[in-house]
Amino acid sequence: MYRTHNCGELKMENVGERVILSGWVQKSRDLGGMTFVDLRDRYGITQLVFNMESDTGLCGEARKLGREFVVKAEGMVAERSNKNLQIPTGHIEIRVEKLEVLNSSNTPPFTIEENTDGGDDLRMKYRYLDLRRVVVRENLQLRHRMAIEIRKYLSEEGFMEVETPVLIKSTPEGARDFVVPSRMNPGEFYALPQSPQTFKQLLMVAGFDKYFQIVKCFRDEDLRADRQPEFTQIDCEMSFVERDDILTAFEGLAKHLFESIKGVEIEGSFPKMLYVDAMSRYGNDKPDIRFEMELSEMSDLVKGKGFQVFDSVEYVGGICATRCAGYSRKQLDALTDWVKRPQIGMKGLVYVKYNEDGTLKSSVDKFYDETALKQWVELFEAKPGDLILVLAGDRELTLKALSELRLEMGNRLELRDPEVFKPLWVVDFPLLEWDEESKRFHAMHHPFTSPYEEDLELFRTDPGKVRARAYDLVINGVEIGGGSIRIHDEGLQKQMFDNLGFTEEEARKQFGFLMSAFRYGAPPHGGIAFGFDRWVALFAGIESIRDVIAFPKNNAGRDMMIDTPSTISNEQLDELSLKVSKQPPK
Ligand code: ASP
């Protein structure tokens, strides 16, 4: 028998019991006549004590235990004289009478404790050791609990989980596909799904009515902290629904997760914001609405006053940072450098201090007198003590920069409270997005998204203005999910492919199966997919989705532990009818 209890459950009421525990040596301390060992397993840590006076040579053995040795200890539960109130087992200890080393361990390459000294790549190389750390394990436990609650809630609401294939054909979610060569069909390839989009639509044609799946998706994109080449979606689809039916259904899911996992009750229905408003008020299609500090366009107000910088640009706008008028010259210079960083890309920063005494001081006093600056103050409804920050340039770039500046000031002013959750639906995205590189329109979401009927005319005159029946769920500035009402009519779907520049032949080759399904009674349908990793990270209060994935890849898309991607043998290449034209660097 390896254990009667785990390392996280013994309490005062067990004092006097004989127990057996097995686990890993977290650390040991030698205090003259006594040796203390912290024994760890998934459930917690229990202190083992070896006493020089009472034992039979065990103390010597205990001293030889290294970090991460696997041991089995038998002994009596006793009350501790020096209690540790930080941990549930901190009232007791085990007076060990028998000790067995089940396995030894090399010295781990980093400390397996709350704050580790291991760098990212090292921790990923030895991920199985990193996963022994409580913080990392807790993230995965949270993930597990969320998956259970999602399955429970959606099943109760009548959704059915259906698995869809992984070896498929390109799906158009806007990223590059990962491809898999087919041995049995030389020269042909499968693609890994960027999402199960077409399959869930086919399930609606099949009459499944309400579908969901917690599913792996694959996108070959450049990686960032919140991106992984393989990630998990909560993928959903419903039939005979309009937009608000879907929003209501998934608001239900979101509320259930908030309540069951975070103990947070969100009252009322989530606010909805038009995409165009999100862009003009926050410069961002995923606004963090935990705080205000909205953007205001100032172009009309400031142009034509002889200030060349403002006169020559497409857009001038700003934000008003409360209680920041006291910023020193040095702080303002630093902020100016901040907006000039390549990631933000601005040429400079204009400010107006609305001092506590009511006076105004700006960096453009030469061009704007007090009367003019008072208009700025009015526009922003600024109060004494506030600081107005203004950026100018190309519209799109400046809105983006203002959005970043707003978030930065939000951080500095501690307005982004991690304990507060403010969900919001952003709706009516543009259907199409202009791509400068290929000089044509692309689907902003994917080509199956339904346009508003009343906008169809615009296809001919101003395609960029056509609105999609698409929506995103945004929580605290993080895009948690997105979806749309779909096209379910073959004619409209053909027109859509045509607008996106597909020839009829291309459309048929790639999506013929879907169009033919639309000929057999496709119901009106729509759906949504949530980024499960991001949602878990949001609830865990961390930025990187890597920390909520058991075996993640690094920024170069490598799995450091199993060391992949890797080359394959010539036999395998031959079998797959492949020739490699570029060898990896040695
Ligand atoms: N398939 C879409 C995506 O992965 C979501 C959806 O439209 O349901 O982004």
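Read-outs: derived from the displayed coordinates by stated rules, not from any lab. If you're wondering where the values come from, they're calculated on a predicted model, not measured in any experiment. For neighbour counting, all protein chains shown are included, and Cβ atoms are generated from backbone atoms with ideal geometry for every residue, glycine included.
The table below gives the values:
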| quantity | calculated |
| --- | --- |
| Matching residues in the range 110-139 - criterion: being part of a loop (DSSP other than H, G, I, E, B) and not hydrophobic (A, V, I, L, M, F, W, C) | THR111, GLU113, GLU114, ASN115, THR116, ASP117, GLY118, GLY119, TYR126, ARG132, ARG133 |
| Exclusive hit being of a type in the set (Gly, Ala, Ser), out of contact with any strand residue (DSSP E or B) (no Cβ under 8 Å at 6 or more places or on another chain) and surrounded by 13 or more Cβ atoms within 10 Å (Cβ to Cβ), set ALA540, ALA529, ALA556 | ALA540 |
| Scan of the range 157-178 for residues that are within 15 Å of the ligand (Cβ to nearest atom), over 23 Å from the mean Cα position of the chain (by Cα) and in a strand (DSSP E or B), ordered by number | ILE168 |
| Among (1) within 16 Å of the ligand (Cβ to nearest atom); (2) assigned to a loop (DSSP other than H, G, I, E, B); (3) in contact with a strand residue (DSSP E or B) (Cβ under 7 Å, 6 or more places away or on another chain), the one test that GLY501 misses | (1) |
| Residue list for the range 213-224, filter: surrounded by 16 or more Cβ atoms within 10 Å (Cβ to Cβ) and within 13 Å of the ligand (Cβ to nearest atom) | GLN213, VAL215, CYS217, PHE218, ARG219 |
| Selection status of GLU571, farther than 18 Å from CYS217 by Cβ, more than 16 Å from the ligand (Cβ to nearest atom) and in contact (Cβ under 8 Å) with a residue 24 or more places away in the chain | no |
| Qualifying residues in the range 135-156 (those that are surrounded by fewer than 14 Cβ atoms within 10 Å (Cβ to Cβ) and of a type outside the set (S, T, N, Q)) - the one farthest from the chain's Cα centre (by Cα) | GLU156 |
| Subset of the range 179-212 that is charged (D, E, K, R) and either under 27 Å from the mean Cα position of the chain (by Cα) or surrounded by 14 or more Cβ atoms within 10 Å (Cβ to Cβ) (or both) - its residue that is farthest from the ligand (Cβ to nearest atom) | ASP209 |
| Inter-residue pairs, beta-carbon under 7 Å, first of a type in the set (D, E, K, R) and in the range 261-286, second surrounded by fewer than 14 Cβ atoms within 10 Å (Cβ to Cβ), 6+ apart | GLU265/GLU259 |
| Of the criteria (1) free of Cβ contacts under 8 Å to residues at least 40 places away in the same chain; (2) more than 30 Å from TYR128 (Cβ to Cβ), which one PHE511 fails | (1) |
